[in-house]
1. For residues in the range B:394-420 being in a helix (DSSP H, G or I) and of a type in the set (Lys, Arg), which is surrounded by the fewest Cβ atoms within 10 Å (Cβ to Cβ)?
2. May I ask you to say which residue of A:Pro164, A:Pro72 is modelled with pLDDT of 95 or more and either within 30 Å of A:Gly219 (Cβ to Cβ) or touching a strand residue (DSSP E or B) at 6+ places or on another chain (Cβ under 7 Å) (or both)?
3. Does the range B:5-14 contain any residue that is more than 9 Å from chain A (Cβ to nearest Cβ), part of a helix (DSSP H, G or I) and modelled with pLDDT of 95 or more?
4. Quickly run through the range A:300-334 and pick out the residues that are under 16 Å from A:Pro8 (Cβ atoms) and loosely packed, with under 14 Cβ neighbours inside 10 Å.
5. Kindly state which helices (runs of 4 or more DSSP H) lie completely within the range B:316-378 and contain at least 1 residues that are acidic (Asp, Glu) and either farther than 25 Å from A:Trp167 by Cβ or within 24 Å of the chain's Cα centre (by Cα) (or both).
6. A:Thr130 passes all but one of (1) at the interface with chain B (Cβ under 9 Å from one of its Cβ atoms); (2) over 30 Å from A:Leu25 (Cβ atoms); which number fails?
7. Quick check on the range B:92-106. Is at least one of its residues more than 19 Å from B:Ile148 (Cα to Cα), at the interface with chain A (Cβ under 7 Å from one of its Cβ atoms) and assigned to a helix (DSSP H, G or I)?
8. Please specify each residue of the range A:85-109 satisfying the condition of being within 24 Å of A:Ala143 (Cα to Cα), part of a helix (DSSP H, G or I) and either hydrophobic (A, V, I, L, M, F, W, C) or facing chain B (nearest Cβ under 10 Å) (or both).
Amino acid sequence: MLAMMPVPQVDPMAAPGPLWLLRTLLLLTFFLHLLFMNTMLGGAAVAFVCAMHQKRSPFAAQLGRELGRVLPAVFAFTITLGVAPLLFLQVIYGHLLYASSILMAVPWMGIIALVLLAYYGVYYFSLRGTSYPASTVAVLGVATVLLAGVAHIYTNNFTLMLAPERWLSLYGPRPSGWNMNWAEATVFPRYLHFVLGALAVAGLYLVVNGLRKRETAYGRWLIKRGGQLFVMPTILNYLVGFWFLVRLPADVRMTFLGRNQLATVLLGIGMLLPLAAIVHLTLAGSNESPVRQAAVGIGSGVLTVAIMVVIRDILRNAYLAPIFRPEGLRVAPQWGVIALFLVVFLAGLATLFYMLHALATAPKAVSAAAGGLGK
Amino acid sequence: MNYPVWQLGFPGGLLIATVAVLHVFVSHFAVGGGAYLVLTERRSYRHNDSDLLAYVKRHSKFFALLTVVFGAVTGVGIWFTIGLVSPEATSSLIHTFVWGWAIEWVFFFVEIAAALIYTYSWERLDRHTHLVIGWIYFIAAWASLAVINGIITYMLTPGRWLQTRGFWAGFFNPTYLPSLLMRSATAAALAGMFGLVTALRTSSPVRERIVRWAGAWLAIGLVLLPPLGWWYYAKFPGFAHEHFAEIPAARHAVLWGVICVAVAVLLALAFALSKPRRMNPAVVGVLLICGLAGMGSGEYLREFGRKPYVINGYIYANDMRVSEVERIDTQGVAQISPWAAAAAADPVRYGRDLFQTQCASCHSVSGYRAMRSRVRGWDETFAREILLHLPLTRGTMPPFAGDEQDRIALGRYLASLAPATITGANEMEVGRHVFEMRCALCHTLRGKRRPLDFGGMDADTVTDFTRSLSDLSPNMPPFTGTETERHALVVYLRGAGK
């Protein structure tokens, strides 16, 4: 009895959608969330560094201001896009996530407070206008640290949910929820892998931004600096990724070293693509017409993120294989509601497109709303 | 049983309530405030009122900072909280309504995008497009409310879902429509209330115009609340009506809600509509407090109304499935839950863990809904007997689930919380204390609830009665007090109320 593994039973109700659809939506929305989250975390760090150097480098000052303007919106969509994967994750893995979340309930719940503080910190920075006193820079620094802390808590919980063998030893002495999963061998390399990835993706964001202004010296500076911001953390990530790989349990590691062909091939591609990105972005940084090389670099980088999302999913299932297989879930699709969701989803995309199009095509200086009354 | 219990030191329900009330206060503003923004903007164009336009621009920034940040993050906070406190119920909701939430997520996404574009594009978009974006925002926000409302009301009145398990049967349940209309009226009232907050930063004479305009929103929303609230309440389950009639905590919450609405209506009429010039920060502060407290009262009553369940008829408030109770009674908690099994070797810890599992979602030991005061003087036998009859003691209590050993362990733990010898100035007073401790959980003396009346009976008859309680009804625990206490009880039963 005491040796019982505390794996909760799955919900007695069947999953209300086919697994392929739930998994596709989970991975797709998580991929989008990751792009925004990385831009947010990496972008906040970059904005902080830029604000620190605002007096020494006019380009840095300009980038700090631009990031200040855009980061609140990036934050909003990081959260919005984070809700969807959390939703679909619960259908498939909810029974594991609830248990691990309860074990580390205090830090898990603390995410809400940390995100709220970081969010208002970013807004504070954003609303300060064009130059930043030391206190404002400090607020952004704190917000960045808080976001890094949030990422760390996520890494802890999303590894703890894979390790039910550790749950009772955490729950027994501390049922109050004051736990982390630091005993897990992969927590730190995994966390570092993601944080370095966030910096690299923020680098891609700078390159995209630079391409739009490539005719100016500032635009070329952005492409160069953005490329460097991608390259340095990515090179480090090869080392951290190797560290991550060797810290995986042998059984799980073998999934990526030949036992599972798809996983092995994806890992191979996932290691080659960043190389292509490094080469192209480095060349783009010193090229007079950088569009093509930068585009290949950005594409390779973004595709790497997508592949890493799939690898992460395979890794999760490899960990869970002895205790839970999603393929074994009972399924009873609510097709009518699924169809309605797809209709609403398409309508939502169309509405989004309309709004962005209206914004993009609006003349910059003219506004009837603000451009005077009585016309 | 399936999950560990977060032993956070106070009832988890209180944490849910705190996060939820803060969230709904802002999220209803996020809905009504959308309509308020766009209609105020349109009004400024129609009346050629540049001051009003300047106001609505400022208000939109305040609106975004409050709703897009605080509203959105606390909304995620509710997700986190319910998953921690009621994982079984959360899992069940997910498995029933994940596509409803997915639809709501699309509205949420559009809502956030529209809010940001609306707020930051005053200088870029033409009037018509800007208004369209505003309407998109409002429609998405209201649609988001309309979806979530279906899931929240399902928990109170699942209707035909209990038989069919169908999505739509649960979604369009008996309280869906009245709740949606009531929440829409609340959203309008909060739009006006927060409109007054930013109106304070304007100066006369535009301030009076804005205060009157915002006050009209507040007043219209508020006066719609009582009839809609009454309709909503009429659709509550029958057992909820009994709770509201009998349990003081529910009646106090109703009274509190009525007072909040009444005070807010009076202030809206007196300051915003009649004498807008006199509107001041103190009045707006009182209005906000009334709004938050009224919202708290409404949410409290909705959750109270569905007790002993968290999903009416399906999952109890302590996250135990109705269908599981029989199995747990037969096999025992330690056999079913690995979390409890780990503590089974230590009787003290096991009893405490059982308390955490079955009681702590609503009760704390010494704080909110404290058990220490409720079990004062209980002995172990009485405690474990009472555990057999919890739903009878109060309709809001789920049954205890567990075998004989579990009942003994929890009974021992409860009895250890506040051991006390019953004392009093005279026999009558001692008797009253004994009655309150042992009988008043289920009975009143010549009152409404399971009344007892021993007037005219001799002492021997009443004493015999106390010796054969279990024979009189299987629901009655035996009297386990001392003979002195029994005597005092008899004196009290015969003499009280004469």
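The values are calculated or read from the model by the stated rules, or taken from the named source; none is laboratory data. What you are looking at is a predicted structure, and each value in this text was computed from that prediction instead of being measured. Cβ sites come from the backbone with ideal geometry, for glycine too, and all protein chains shown count toward neighbours.
1. Narrowing the range B:394-420 to residues in a helix (DSSP H, G or I): B:404-417.
Those left that are additionally of a type in the set (Lys, Arg): B:407, B:412.
Numbers: B:Arg407: 21, B:Arg412: 18.
Step by step, filter the range B:394-420, then rank; the result is B:Arg412.
2. The conditions single out A:Pro72.
3. Here is the first cut: in the range B:5-14, the residues more than 9 Å from chain A (Cβ to nearest Cβ) are B:10-14.
Those still in the list that are part of a helix (DSSP H, G or I) too: B:12-14.
Now narrow it down to the ones that are modelled with pLDDT of 95 or more: none.
No; the residues of the range B:5-14 include none that is more than 9 Å from chain A (Cβ to nearest Cβ), part of a helix (DSSP H, G or I) and modelled with pLDDT of 95 or more.
4. A:Pro322, A:Ile323, A:Arg325, A:Gly328, A:Arg330
5. On the way: elements: B:325-331, B:333-336, B:338-341, B:347-358, B:371-374.
Counting at least 1 such residues, we get B:325-331.
6. Every condition holds for A:Thr130 apart from (1).
7. At the first step, the residues of the range B:92-106 found to be more than 19 Å from B:Ile148 (Cα to Cα) are none.
Taking every residue of the range B:92-106 in turn, none turns out to be more than 19 Å from B:Ile148 (Cα to Cα), at the interface with chain A (Cβ under 7 Å from one of its Cβ atoms) and assigned to a helix (DSSP H, G or I).
8. Selection gives A:Leu86, A:Ser101, A:Ala105, A:Val106, A:Trp108, A:Met109.
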